[in-house]
Amino acid sequence: MTDEPNLPKPPGPTEPVGATAATPQPARRSHAWRWVGAGALLLVLLLGAAFGAAWWALRSESGSAWLLSHVPGLEVRQPHGALLGDFGAAGVELRIAGVGTLQIDRLGWKRLEVGRAPAGLWLRIAIAELQAARVDWQSAAPTSSAPASAPASLALPLEIDIAALHIGTLRLGAAGATPLRDLEAAVHLGADFGSVHRIDKLALTWGRVRAQGSAQIAAAAPLQLEAHVTAKQDAAGGGPAWSATASAAGPLAAPLVQATVRAAAASGRPAQSLDLRATLRPFAAWPLGDLDLTATALDLSLFGAALPVTALSGKATAQTHGIDRPSLVTATLANADPGHWNDDRLPLRKIELELRARPDDLQVLDLRTFDAELGGRDKPAGRIEGTGRWTPSRWNLETKFVDVQAALLDSRAPALTLVGALAFGGAGNTAPAAPQAGVVDVKGTLQGRLDGRGPVRSAQLRLDASVGAQRIEVRAAEARIGDTAASLAGTATRAPSGDAWQIRARAALVDFDPTLWLPDRADPAWKQGPHRLNANGSIDIAVPSSIAALPWLAALAAMRGQADLKIANSVLAGVSLHGDATWRNADGASALAHATFDADGNSVRADGRVGLRDGGAADSWDATIAAPALERLAPLWRLMRTTTGTASAAARAPQSGRTAAATERKLPRSNC
C-alpha cells in the first residue's frame with residue numbers, strides 16, 4: 001500500500017465549506033510578510049528622510065539657521081552660511097543652567113568637514129580655521145562648597161581637529177579681570193585614535209606679558225598631563241625685562257608643577273629670581289602638597305602696574321605628613337627696598353607667617369603666626385602682629401598694632417604713633433545668610449600720640465564698619481587728637497542695576513584743627529592757623545559709578561539728591577566763620593542752591609537755580625554781598641593762594657545765565 005499525500009478531505013454533502021480542521025492559511029502568511037516588508041521600507045525611508053533633513057540642515061544656510069533656532073539655551077544673532085562648510089554669526093550666547101553663560105562676538109569658521117573616524121570613534125570633525133572677536137565666560141554660582149572629583153575618563157566619542165584657532169579677546173570671570181588677547185592655538189581632541197587631547201602652537205598676550213606653550217592630557221586614567229609654558233615681558237617704564245618658564249607633569253589628580261622667573265639686573269636694581277616646585281591636588285580638600293618657593297630680590301611691580309616696587313628675598317614651604325595630620329605652611333620674606341607707600345614702595349621690612357590645617361578636615365584653618373615688621377630702609381615704623389581662623393560659617397583675623405608710625409608708612413600721613421587692635425571678619429562660604437557673603441567687618445580702636453608739632457597730644461582712631469561689593473556701612477568712624485574730633489556715619493548701597501550708588505551719611509567736626517592731620521611737609525599757609533572748625537553735614541544722593549570720568553557739570557547733573565552743611569563758632573586761618581548751605585537736585589536739569597556765610601564781619605547770601613544743561617543757560621541767582629572789612633579776609637586769601645583788595649564793597653546782583661554781567665566795584669589790589 002503506497003503512501004498518499006496528507007491532503008485535506010473534500011467536504012462531504014453534509015459538511016459545510018470551511019468546516020475542515022487544521023486547514024493551512026498561506027494567504028495570511030503572505031499578507032504578514034507584506035506588512036514586514038512595508039515597515040522595513042518605511043523605516044529605511046524615514047532614516048533616509050532624517051538623514052536628508054539633517055544633511056539639508058547642515059549643508060544649507062536656511063537649514064542651519066532653523067537647526068540653531070531649536071537648540072535649547074542657544075541664541076544666535078545674524079547667522080550666515082552653512083554649518084558644514086563656511087559659517088559665521090554676529091553673536092552667540094549659550095546659557096547652561098547651573099554651569100554658566102558663554103557669549104561670543106563675531107564667531108566664524110572655514111571648511112568644517114565631517115568624515116569617517118578611526119576605529120572606536122563615531123566620526124571626525126575637522127575645521128580649517130575657527131575664530132571669534134570676543135569670548136566671555138561667566139560661571140554660575142557654585143551650589144556646593146565640596147571640592148570637585150577627578151573625572152574617571154576624558155574619552156570622547158568623536159575626533160575634533162581645529163587646525164587654527166584665533167580669539168581676539170578672551171575673558172574668564174569678572175568683567176574687571178584682565179582679559180587674554182590674541183589667543184592662537186591648534187586644538188586636536190581625540191588624537192591618536194581617541195587616546196589623547198592636545199593643544200599646540202599656543203600663543204597669547206596678557207597685559208604686557210606674551211606667552212607661548214603646549215599641553216596634552218591622556219583620555220584614560222590616570223589622565224597623564226604634560227604642559228609647558230614660556231612667558232616674557234619687555235622692559236618698560238624703568239622696569240627690567242623678565243622671562244618665565246613653567247611646566248606641569250603627572251596624573252591630573254597630583255601633577256608636579258615647576259616654575260622659574262628671571263629678571264636681569266637693570267637701572268641699579270639687582271638680578272631677580274623666583275623658583276617654585278610644588279605638587280598640586282586640585283580635586284582634594286587640601287589642594288597643596290609639598291611646596292618649596294625661593295625668591296631673590298623679587299620686584300612685585302613686574303607683575304602689575306598697580307603693585308609696589310619691592311626686593312623680596314626668602315623662602316616659603318608647605319609640608320604634608322599625612323592626610324589626618326596637620327599640614328604646615330611657613331613663609332619668611334625680607335624686603336631689601338622698603339619705602340613710603342606714596343612713593344610706590346611697600347613699607348614692609350620683613351614678614352613671617354605660619355598656617356596649619358588638616359588635609360582630611362578643612363573645617364578649620366588656623367593662622368597661628370603673622371608678624372609684619374614695618375618701616376623704610378633707614379627707620380623702623382613698628383610692627384603688626386596677628387592670628388586668624390577660618391571655619392565654614394565664619395572667618396576672622398585679629399591684628400595688634402605695636403608702635404606703628406603712620407608718617408613712616410606714607411609721607412602724606414600725620415606724625416601719629418599708634419597702638420591697639422583691629423579685628424577683621426566675615427561670613428564663611430556655608431553661612432546661611434547669602435547677602436553677607438563677601439562682606440568684611442572691621443572693628444577696633446587705635447590709641448596713640450601726635451609727635452613733632454607743638455606739645456605731644458593724645459590721639460584715638462575708632463572704626464566700626466562693614467565693606468562689601470554691594471554695600472558699605474560705616475556704623476561709627478571717629479578721629480580724635482586732644483580735644484578735637486571728626487566723626488562719620490553712613491551707608492553706600494549699590495543699586496540692583498549696578499549703575500549707581502545711593503549714599504546717605506552724616507559728618508561732624510568738633511573744634512577740629514586740620515593742621516594736626518597734615519604731614520610736616522604740608523603747605524606753610526595751612527600751618528599758620530589758627531583753625532577751629534565746628535560743623536555738621538549730611539548727604540543723601542545717588543552717584544553714578546562712572547562719575548569720575550564725567551565733566552564737572554555733567555557730574556553735578558548726575559548726582560541726584562540733597563546735601564546740607566552748617567558751620568558755627570568756627571575759625572579758619574584766624575578768621576571767624578559761621579553759616580549754612582544747601583543743595584537740591586531732583587531731576588538733573590537744574591539744582592537749587594542756598595548759602596549764607598559770615599566771615600569776620602563780611603557776609604554773603606545767595607539763592608539760585610544752577611542750570612545743569614545747555615552750558616548753564618538756565619542759571620538764575622540772587623546774591624547779596626556785604627564786605628565792609630575785606631582786609632580781615634587776607635589770611636583766607638593767602639590760604640587759597642589768591643590776592644584780594646583792601647577796600648570795602650557792597651552789592652546785590654541778580655543774574656540769569658552763566659555769562660551774565662554783574663555789578664562790580666573795582667578794588668585796588670595788593671599782595672597779601
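Values in this text are rule-based calculations from the coordinates and carry no lab data. From a predicted model like this one, the values you see are computed outputs, not experimental measurements. Note that each Cβ is placed from the backbone with ideal geometry, even for glycine, and that neighbours are counted across all protein chains shown.
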Net charge contributed by nearby residues that have their C-beta within less than 9 Å of residue 102 (K/R +1, D/E -1):
-1
FRET efficiency estimate (nearest 0.05) - Cβ-Cβ, residue 629 to residue 177, R0 45 angstrom:
0.15
Using label points projected 7 Å from each Cα along Cα→Cβ, tell me how many nm separate residue 106 and residue 66, to one decimal.
3.2 nm
Unit charges on C-beta of K, R, D, E only; dipole of the range 278-426, Debye:
160 debye
Can you list residues whose amide H is under 5 Å from residue 337's amide H, if they're 5+ apart or on another chain and H is modeled 1.01 Å from N?
311
Answer with one residue from 339, 351, 382: the one whose Cα lies farthest towards the positive end of the charge dipole of the range 295-383, charges on Cβ with Lys, Arg +1 and Asp, Glu -1.
382
Give 443/566; 400/443; 350/400; 315/350; 201/232 a once-over and call out the pairs whose C-alpha atoms are over 20 Å from each other.
443/566
Additional length obtainable on full extension of the chain from residue 203 to residue 447, 0.36 nm per residue less Cα span:
82.4 nm
Residue 184 versus residue 86, label points 7 Å from Cα toward the beta carbon: distance in nm?
2.1 nm
Short version: ³J(HN,Hα) in whole Hz for each residue of the range 107-123, in order, from phi by Karplus 6.51 cos²θ - 1.76 cosθ + 1.60 (θ = phi - 60°), x for Gly and Pro, what are they?
7, x, 9, 10, 6, 7, 10, 10, x, 5, 10, x, 4, x, 10, 6, 7
Which aspartates and glutamates have a Cα lying under 13 Å from the Cα of residue 527, excluding residues fewer than 8 positions away in the same chain?
513
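So, counting K/R as plus one and D/E as minus one, what does the shell of residues with Cβ under 10 Å around residue 212 add up to?
Numbers: positive: 201, 210, 232; negative: 184.
With Lys, Arg at +1 and Asp, Glu at -1, the net is +2.
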State the extension gain, in nm to one decimal, for the chain segment bounded by residue 411 and residue 328, taking 0.36 nm per residue of separation less the distance between their alpha-carbons.
26.1 nm
Report the calculated FRET efficiency for residue 526 and residue 319 (r = Cβ-Cβ distance, R0 = 56 Å), to the nearest 0.05.
0.50
So residue 396 and residue 492, fully extended at 0.36 nm per residue minus their Cα-Cα distance, gain in nm 32.2 nm
Rounded to one decimal in nm, the spacing of the 7 Å Cα→Cβ label points at residue 580 and residue 604 is 1.9 nm
